[in-house]
Amino acid sequence: MTLNIILLGPPGAGKGTQAVRLEDEHGMVQLSTGDMLRAAVKAGTPIGVQAKAVMDAGELVSDEIVSGLIGERLDALGNETSVIFDGYPRTAAQADALDTILSDRGRKLDHVIELLVEEDALVDRITGRFSCGNCGAGYHDRYKLPKVENVCDVCGSQDFKRRPDDNEETVRTRMAEYRAKTAPILPIYEARGIVTRVDGMAPIDQVNDAIEAILAPAG
Ligand code: AP5
């Protein structure tokens, strides 16, 4: 059965970390609008050029752009693949757009999983985050260091990078955007009875176990 789930939570809540686990364990596909936009910035596409300054400031890229990216990516996947929406939707307009995008493709939303976290801990999580410049594997200065210093566990690369928006000032703006524009969409999904909350402050494996328990009845 095809699953469509949203991982919702503020910057640094662990959405990307958990989405990658679900990809590995269930063959689901992570649809991260943040990753798509960073790829567009790197490639210098018109969308990337438009998005760069907005992202660097920690503000939100336009609803039309991100919903367009999601629709295109779903079309490329076909309808038999289970997906995890990571960082999308982020506004009421995006939530509306997602309903249309899904129903046009014969899909329906199964779960919205909200990662509950303490904001103060998130600045520490985000400013300590880095990733492999070759394969994208994620690490943290304290919580998840490579097993061998400066060598990626996954691909052996010694090239690591940090996101330009992972500084304290921008993180605070991203959190304010989350509170003002994204948290208010939760009641839309609560009214449908599809929201489950998970303690995002627990260790990564425990968060994963809690998400697995939510998905288990659906297979
Ligand atoms: P995006 O890339 O989506 O960033 P974000 O939402 O700010 O989320 P992050 O990637 O920072 O956090 P995460 O929850 O994935 O945490 P992670 O797993 O990495 O968006 C970036 C920008 O793009 C936006 O600001 C906006 O400009 C634009 N954009 C994107 N989508 C958009 C949209 N739909 N509309 C408009 N604009 C959009 O974890 C963080 C760190 O914590 C890692 O180091 C990890 O190892 C560690 N960690 C994770 N879980 C735990 C745990 N349980 N315990 C301890 N450490 C943990």
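The values are calculated or read from the model by the stated rules, or taken from the named source; none is laboratory data. All figures in this text were calculated on a predicted structure; none of them were measured in a lab. Neighbour counts run over all protein chains shown; Cβ positions are idealised from the backbone, glycine included. With ligands, DNA and RNA removed, areas are computed over all heavy atoms of the protein, side chains included. Shrake-Rupley method; radii C 1.70, N 1.55, O 1.52, S 1.80 Å.
Let's see if you can work this out: charge +1 on each Lys and Arg Cβ, -1 on each Asp and Glu Cβ, no other charges. What is the dipole magnitude of the stretch 139-219 about its Cα centre, in debye to the nearest 20?
Details: 12 positive and 14 negative charges, 59 e Å.
Dipole of the stretch 139-219, to the nearest 20 debye: 280 debye.
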Run the 1.4 Å probe and let me know the accessible area of residue 55, rounded to the nearest 10 Å². 30
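If you stretched the chain out fully between residue 205 and residue 149, how much longer would it get, using 0.36 nm times the residue separation minus the C-alpha to C-alpha distance?
Values: separation 56, 0.36 × 56 = 20.16 nm, distance 2.23 nm.
Between residue 205 and residue 149, full extension yields an extra 17.9 nm.
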Among 145-158, 22-35, how do they line up by average Cβ neighbours within 10 Å per residue, starting with the highest? 22-35, 145-158
One would report the antiparallel percent of DSSP beta bridges in the chain, rounded to the nearest 5, as 30
Take the stretch 1-103, compute every pairwise Cα distance, and split them into 10 Å bins from 0; I just need the percent in each bin. 14, 48, 34, 4
Which value in nm describes the separation of the simple spin-label points at residue 104 and residue 169, placed 7 Å from the Cα toward the beta carbon? 3.9
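Sort the following peptides by mean Cβ neighbour count (other Cβ atoms within 10 Å, averaged over residues), highest first: 203-210, 84-91. Can you show the working numbers first?
Values: 203-210: 14.5, 84-91: 23.2.
The most tightly packed comes first, giving 84-91, 203-210.
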Which length gain, in nm to one decimal place, applies between residue 197 and residue 54 when the Cα-Cα distance is subtracted from 0.36 nm times their residue separation? 48.5 nm
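Assuming R0 = 30 Å, what is the FRET efficiency of residue 180 and residue 213, from their Cβ-Cβ distance, to the nearest 0.05?
Values: r = 31 Å, r/R0 = 1.04.
Between residue 180 and residue 213 the formula returns 0.45.
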So how do 184-197, 117-130 stack up, highest first, on mean other-Cβ count within 10 Å? 117-130, 184-197
Shape verdict for the stretch 109-219, please, from the Cα gyration tensor: rounded (a/c under 1.5), prolate (a/b greater than b/c) or oblate. oblate
On average, how much accessible surface per residue is there in the stretch 135-219, in Å², for a 1.4 Å probe, leaving out ligands, DNA and RNA? 60
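Counting only complete DSSP H runs, which helices of the chain cover 20 Å or more along their long axis at the Cα atoms and score a mean Kyte-Doolittle of -1.0 or above? Let's see the in-between values first.
On the way: long enough: 63-77 (21 Å, 0.42).
Qualifying helices: 63-77.
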Quick check for me: using +1 on Lys/Arg Cβ and -1 on Asp/Glu Cβ, what's the dipole size of the chain about its Cα centre, in debye to the nearest 20? 260
Place +1 on the Cβ of every Lys and Arg and -1 on the Cβ of every Asp and Glu in the chain, take the dipole about the Cα centre, and give the residue among 94, 9, 187 whose Cα lies farthest towards its positive end. 94
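Using a Förster distance of 22 angstrom, determine the FRET efficiency expected from the C-beta separation of residue 25 and residue 121, and round it to 0.05. Show your work: numbers first, answer last.
Working: r = 25 Å, r/R0 = 1.16.
It comes out at approximately 0.30.
For every helix of n ≥ 4 consecutive DSSP H residues, a contribution of -39,500 (n - 2.57) applies; sum these over the chain, divide by its total residues, and give [θ] at 222 nm rounded to the nearest 500 deg cm²/dmol.
The per-residue figure over the chain is -13500 deg cm²/dmol.
If I compute solvent accessible area with a 1.4 Å probe over the protein chains, what percent of it on the chain is carbon and sulfur? All intermediate terms of the calculation are to be shown ahead of the outcome.
Working: 5570 of 10820 Å².
Ligands and nucleic acids excluded, carbon and sulfur reach 51 percent.
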Compute the accessible area per residue over the stretch 44-130, keeping the other protein chains in place, probe 1.4 Å, unit Å². 45
Run the simple label-point estimate for residue 64 and residue 45 please: 7 Å along Cα→C-beta, distance reported in nm. 1.6
